[in-house]
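> One structure, as structure tokens, below. Some questions next.
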Amino acid sequence: MSRWKRGEATINRLLTAGDLDVIGKSVSDGAVVLEQAKRRLKIAEAALQIDTDGAYTNAYDAARLAATALLSQQALRPTQRGGHRAVEEALLAQFGPGFSKFSMLRRRRHELDYPDTSYSEASLPEAKEAVHTAKLFVKTAATLLPELGFFTDESA
């Protein structure tokens, strides 16, 4: 395990801006967060036939938790200020276009959770695609996790 070099400038900027925090190395086990992502993915799969909005939002949560697992493994976490947007920015900067669908998932989940006059329920194909994407994120995060070291030696 070594420090992940790709996206360093973005991570440093997010840390300086207060969008990401450094966490203690003793609590930086991304595998724990990845297990949460896997459980949320199971919920999303189970909800497909009953509640497409629920399936979609749980698929998004699985994808977000997979991304957060990668940050956690590096002794990083999003702050309340940075939130889901910081997770997205860090994910894309460090791990590239294979995670580009995160933005679409995040925006649509926001529409579903905070409906306005243009609200439309997630369709079954849309929810299935979200679950498929989340599965890929979880699988990729599981592959990347063992490769990641601490981002900084100055962990709290």
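The values are calculated or read from the model by the stated rules, or taken from the named source; none is laboratory data. None of these values were measured; they are calculated from a predicted model. Heads up, the Cβs are rebuilt from the backbone with ideal geometry, glycines too, and the neighbour counts pull from every protein chain shown.
> Output the qualifying pairs, or none if there are none: Cβ atoms under 7 angstrom, residues six or more apart or on different chains, first residue in the stretch 8-24 and within 16 Å of residue 95 (Cα to Cα), second residue at pLDDT below 95 and assigned to a loop (DSSP other than H, G, I, E, B).
Final answer for the pair search is 11/151; 14/82.
> Could I ask something else about it? Considering 15, 20, 41, which residue is of a type in the set (A, V, I, L, M, F, W, C), buried (at least 18 other Cβ atoms within 10 Å of the Cβ) and touching a Pro at 6+ places or on another chain (Cβ under 9 Å)?
Residue meeting the stated conditions: 20.
> Here is a further query. Suppose the filter is of a type in the set (A, V, I, L, M), in contact with a His (Cβ under 9 Å, 6 or more places away or on another chain) and either over 17 Å from residue 145 (Cα atoms) or crowded, with 21+ Cβ neighbours inside 10 Å (or both); does residue 59 pass it?
Details: of a type in the set (A, V, I, L, M): yes; in contact with a His (Cβ under 9 Å, 6 or more places away or on another chain): yes; either over 17 Å from residue 145 (Cα atoms) or crowded, with 21+ Cβ neighbours inside 10 Å (or both): yes.
Yes.
> Out of 132, 110, which single residue is farther than 21 Å from residue 5 by Cα, modelled with pLDDT of 95 or more, surrounded by fewer than 20 Cβ atoms within 10 Å (Cβ to Cβ) and not basic (Lys, Arg)?
On inspection, the qualifying residue turns out to be 132.
> Determine which single condition residue 151 fails, assuming it passes every other condition in (1) assigned to a helix (DSSP H, G or I); (2) touching a residue at least 40 places away in the same chain (Cβ under 8 Å); (3) not charged (D, E, K, R).
(1)
> Let me ask something else. Report, by residue number, each residue of the stretch 89-101 that is surrounded by fewer than 21 Cβ atoms within 10 Å (Cβ to Cβ), among the polar types (S, T, N, Q) and either part of a helix (DSSP H, G or I) or in contact (Cβ under 8 Å) with a residue 24 or more places away in the chain (or both). Lay out the reasoning, then the answer.
We begin by selecting, within the stretch 89-101, every residue surrounded by fewer than 21 Cβ atoms within 10 Å (Cβ to Cβ); these are 92-93, 95-98, 100-101.
If we keep only those that are among the polar types (S, T, N, Q) as well, we get 100.
Once the filter is applied, which keeps residues that are surrounded by fewer than 21 Cβ atoms within 10 Å (Cβ to Cβ), among the polar types (S, T, N, Q) and either part of a helix (DSSP H, G or I) or in contact (Cβ under 8 Å) with a residue 24 or more places away in the chain (or both), the stretch 89-101 yields nothing.
> Output the residues belonging to the stretch 18-53 that are over 24 Å from residue 143 (Cα atoms) and assigned to a helix (DSSP H, G or I).
46, 47, 52, 53
> Being in contact (Cβ under 8 Å) with a residue 24 or more places away in the chain and either over 19 Å from residue 31 (Cα atoms) or buried (at least 17 other Cβ atoms within 10 Å of the Cβ) (or both) is the requirement here; does residue 46 meet it?
For residue 46, the condition - in contact (Cβ under 8 Å) with a residue 24 or more places away in the chain and either over 19 Å from residue 31 (Cα atoms) or buried (at least 17 other Cβ atoms within 10 Å of the Cβ) (or both) - is not met.
> Consider residue 146 carefully, then state whether it is in contact (Cβ under 8 Å) with a residue 60 or more places away in the chain and exposed (fewer than 13 other Cβ atoms within 10 Å of the Cβ). Don't jump to the end; show me each part of the working.
On the way: in contact (Cβ under 8 Å) with a residue 60 or more places away in the chain: yes; exposed (fewer than 13 other Cβ atoms within 10 Å of the Cβ): yes.
Judged against the criteria, residue 146 is a match.
> Could you pull out the residue among 56, 60 that is in a helix (DSSP H, G or I), more than 23 Å from residue 143 (Cβ to Cβ) and either touching a Cys at 6+ places or on another chain (Cβ under 7 Å) or modelled with pLDDT of 95 or more (or both)? Explain how you work it out, then say what you get.
Numbers: 60 fails: more than 23 Å from residue 143 (Cβ to Cβ).
It is 56.
> Of all residues being in contact with a strand residue (DSSP E or B) (Cβ under 9 Å, 6 or more places away or on another chain) and in a helix (DSSP H, G or I) in the stretch 68-88, which is farthest from residue 130 (Cα to Cα)? Just the residue, please.
Within the stretch 68-88, the subset in contact with a strand residue (DSSP E or B) (Cβ under 9 Å, 6 or more places away or on another chain) is 68, 70-71, 73-79, 82, 84-87.
Narrowing the set further to residues that are in a helix (DSSP H, G or I) leaves 68, 70-71, 73, 84-87.
Details: 68: 18, 70: 20, 71: 22, 73: 24, 84: 17, 85: 18, 86: 20, 87: 18 Å.
The extreme case among them is 73.
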